[in-house]
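The values are calculated or read from the model by the stated rules, or taken from the named source; none is laboratory data. Everything numeric here is computed off the predicted structure, so don't read it as measured data. Using ideal geometry, Cβ is built from the backbone for each residue, glycine included, and neighbour counts are taken over all protein chains shown. These area figures cover heavy atoms from the full protein model, side chains too; ligands, DNA and RNA do not enter into them. Shrake-Rupley method; radii C 1.70, N 1.55, O 1.52, S 1.80 Å.
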Amino acid sequence: MNNGTMIEKPLNKSSDTVKRLLKYIIFNRDLYYILLIGLIPFITFRLLPFYGVQIAFQDYNIFKGFTDVQWVGFKWFKILFKNPDFFKILRNSLSINLLELIFVFPSSIILALLLNELRNEKFKKLVQSVAYLPHFLSWVIIGGFIIQMLSPTSGPIRLVFEALGMKPTMLLLQEKYFYTIIITGEIWKAMGWGTILYLAALAGIDAEQYEAAWVDGANRWQRLWNITLPGIKFIVVLQLILQMGSMINVGFEKMFVLSTPSTMGVADVFSTFNYRVGIGQQRYSFSAALSLFESVINFTLVCLANFIAKKAGEEGLF
Amino acid sequence: MNMKRSLGDIIFDTINNLIMVIIICIMLYPFINQVAISFSSNTAVISGKVNLVPIDFQVKAYRDVITDRRFKTSFINTVLFTVAATFMHVLMTALFSYPLSKRKLKGRNAVMTLLIFSMMFGTGGLIPNYLLIKNLGLVNTYWALWLPALINIWQVIIVRNFYQQLPESLEESASLDGARQLTIFFRIILPLSMPVIACISLFQAVSAWNTFFGALIYINDPKKRLLQQHLNDILQAFIVPAQGPDVSQSEQNNSVSQETLKAATLMCTTLPIVFIYPFLQKYFVKGVMVGSIKG
């Protein structure tokens with residue numbers, strides 16, 4: 001009957017436990033083969049790279065590889081912190097993420113709340129469909145839209161300039177407008193897709209609560225405050241924790257596509273810096289140290305945010 | 001709910017609907033604007049007249065784009081790249097999730113823990129990955145982009161959850177008839193899983209179509225360039241823009257012929273996604289919901 005179907009085998013504490021285990025594996029070998037097929041790329045490309053992290057503590061030489069290594073301890077980290085650009089990059093990364101937290105994060109929640117109030121189901125679906133679309137566009141494309149629309153000659157921004165009686169200029173070349181542009185673009189891209197989770201949570205709120213509140217004479221705002229918001233609090237907190245976990249990560253593509261030499265002061269972030277230093281200048285150990293630094297900070301922030309959430313009485317991520 | 005609408009309710013609903021209409025307009029505006037520009041004449045575009053409707057309708061920009069060798073190369077490359085990436089990824093994900101859906105399989109929990117751990121900690125950084133790819137000799141090949149993307153843990157979870165919902169009796173009766181696991185998988189499980197397969201196929205296809213950073217690092221051969229790289233090349237020309245209406249005529253003409261070209265290239269890159277989108281949008285949302293709520 002050895003056809004590979006899985007059956008349960010009781011595990012006794014007898015001396016031939018290993019033999020039983022082997023029999024089990026052989027019996028179910030089909031499934032284990034399949035598992036193996038998937039594990040090979042997974043281990044190779046998601047676990048094996050961790051082996052390379054060690055070069056953050058070495059003077060890695062590409063010709064010598066991992067064999068003839070020279071350990072240098074925290075040298076690269078010290079160099080990183082002393083780098084004149086480091087503070088600027090840290091500040092930029094944090095600023096952008098902070099702005100996203102303030103503007104982009106709530107925009108999805110607000111949109112979800114508004115969508116939830118729509119009475120026409122078909123209209124609601126239409127708005128959702130349209131709002132999800134930008135999520136599927138790459139930042140090269142979205143950056144393209146931004147660049148085109150901000151063009152002083154042919155973009156619609158020109159109409160705005162002329163209406164204000166000002167001479168059109170390219171706003172993307174000026175540092176003071178850069179964050180506004182980036183955040184606006186991010187809202188355009190992420191607002192719609194972000195509503196999915198919140199709408200699902202909103203749908204899960206017991207309708208009877210609303211009815212009871214209405215019977216008690218609660219108006220719209222009271223219902224919002226007392227029923228709706230507490231109903232999605234769990235999801236919001238979860239999302240917030242996850243967001244905190246990437247507080248120093250800013251996506252490479254959007255910064256790369258939209259930054260120029262004239263805006264580098266505010267546009268340079270860890271991902272673009274790492275790309276320049278690691279791939280461009282081929283300073284491998286330095287770049288590895290930078291990546292490790294980022295990972296450690298991210299992990300710490302997630303744990304911190306989780307801890308704070310739990311202290312505030314909420315359920316955390318773990 | 002049998003609630004009577006107060007005046008306040010009616011006002012709120014009207015404003016809400018209005019806001020939604022505005023949001024739709026904002027979402028669609030960039031597309032409409034660029035489509036209009038791409039179909040207009042150069043002179044109309046640089047004088048800033050084109051907004052929602054093409055002026056001096058012409059298809060020259062599109063003709064220029066389609067006949068450009070670099071565009072053709074990168075477009076065809078990206079189509080083939082996307083098809084291959086999607087096929088491989090979906091096959092691998094569908095297969096890998098199958099044993100993981102068997103709750104009673106020994107070792108399953110260990111593997112799941114490994115996956116979750118990997119999800120939390122990322123992959124070690126830019127350079128460690130680069131070195132791995134380099135040591136495997138995959139630089140400047142598409143494999144450098146396909147292989148790391150073979151397993152996406154979110155999608156494994158989504159597919160696994162789906163499999164877990166399928167009745168065990170199906171598979172049991174098949175194995176009683178003597179079928180091996182692989183046969184059961186391909187003949188029974190997979191055909192029943194089409195909705196979730198469609199969902200992850202689309203996610204992967206879009207992700208592959210949008211590949212930029214990976215291509216930037218690993219693809220150096222100009223003949224292998226992908227579409228997003230090409231688009232980026234075309235768009236980066238904005239660094240030397242025309243300053244405004246009082247730039248000299250020849251400078252204007254040069255940057256002008258770029259404007260409609262840029263718009264047309266942008267639309268050619270975007271349109272495949274936009275075309276597919278309405279038909280398959282329901283699959284995306286269902287997939288995300290299944291994955292995030294149950295996972």
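Quick notes on this one:
- The set of residues in the stretch B:256-273 being more than 7 Å from chain A (Cβ to nearest Cβ) and at pLDDT below 90 consists of B:Val256, B:Ser257, B:Gln258, B:Thr260, B:Leu261.
- Residue in the stretch A:107-164 that is surrounded by the most Cβ atoms within 10 Å (Cβ to Cβ), counting only those that are part of a loop (DSSP other than H, G, I, E, B), touching a helix residue (DSSP H, G or I) at 6+ places or on another chain (Cβ under 7 Å) and not hydroxyl-bearing (Ser, Thr, Tyr): A:Gly155
- All positions within the stretch A:20-44 that are of a type in the set (Ser, Thr, Tyr) and under 30 Å from B:Gly124 (Cα atoms): A:Tyr32, A:Tyr33, A:Thr44
- Set side by side, the residues A:Gly251, A:Gly316 differ, and just one is over 15 Å from the mean Cα position of the chain (by Cα) and not hydroxyl-bearing (Ser, Thr, Tyr), which is A:Gly316.
- Residue that is farthest from the chain's Cα centre (by Cα), among those in the stretch B:172-181 that are at the interface with chain A (Cβ under 8 Å from one of its Cβ atoms) and not aliphatic (A, V, I, L, M): B:Gly178
- Considering residues of the stretch B:34-51 that are within 8 Å of chain A (Cβ to nearest Cβ) and free of Cβ contacts under 8 Å to residues at least 24 places away in the same chain only, the residue surrounded by the most Cβ atoms within 10 Å (Cβ to Cβ): B:Val50
- Tally, over the stretch B:113-142, of residues that are assigned to a loop (DSSP other than H, G, I, E, B), open to solvent by less than 30 Å² (accessible area, probe 1.4 Å) and aromatic (Phe, Trp, Tyr): 0
- Just one of the numbered conditions (1) more than 9 Å from chain A (Cβ to nearest Cβ); (2) surrounded by fewer than 18 Cβ atoms within 10 Å (Cβ to Cβ); (3) under 27 Å from the mean Cα position of the chain (by Cα) is not true of B:Ile24: (1).
- In the stretch B:95-112, of all residues being more than 10 Å from every other protein chain (Cβ to nearest Cβ) and part of a helix (DSSP H, G or I), the one that is nearest to B:Val156 (Cα to Cα) corresponds to B:Met112.
- In the set (1) out of contact with any Phe, Trp or Tyr (no Cβ under 6 Å at 6 or more places or on another chain); (2) without any contact (Cβ under 8 Å) to a residue 60 or more places away in the chain; (3) part of a loop (DSSP other than H, G, I, E, B); (4) not β-branched (Val, Ile, Thr), the condition left unmet by B:Pro54 is number (1).
- Every residue from the stretch B:60-91 that is open to solvent by 70 Å² or more (accessible area, probe 1.4 Å) and under 25 Å from B:Ser38 (Cβ atoms): B:Lys60, B:Arg63, B:Ile66, B:Thr67, B:Arg69, B:Arg70, B:Lys72, B:Ile76
- From the options B:Phe75, B:Phe71, B:Phe12, B:Phe31, residue that is touching a residue at least 60 places away in the same chain (Cβ under 8 Å) and under 28 Å from A:Glu117 (Cβ atoms): B:Phe31
- Within the stretch B:218-226, not a single residue is in a loop (DSSP other than H, G, I, E, B), farther than 30 Å from A:Asp30 by Cα, more than 9 Å from every other protein chain (Cβ to nearest Cβ) and at pLDDT below 80.
- Any chance A:Ala218 is surrounded by fewer than 17 Cβ atoms within 10 Å (Cβ to Cβ) and part of a loop (DSSP other than H, G, I, E, B): yes
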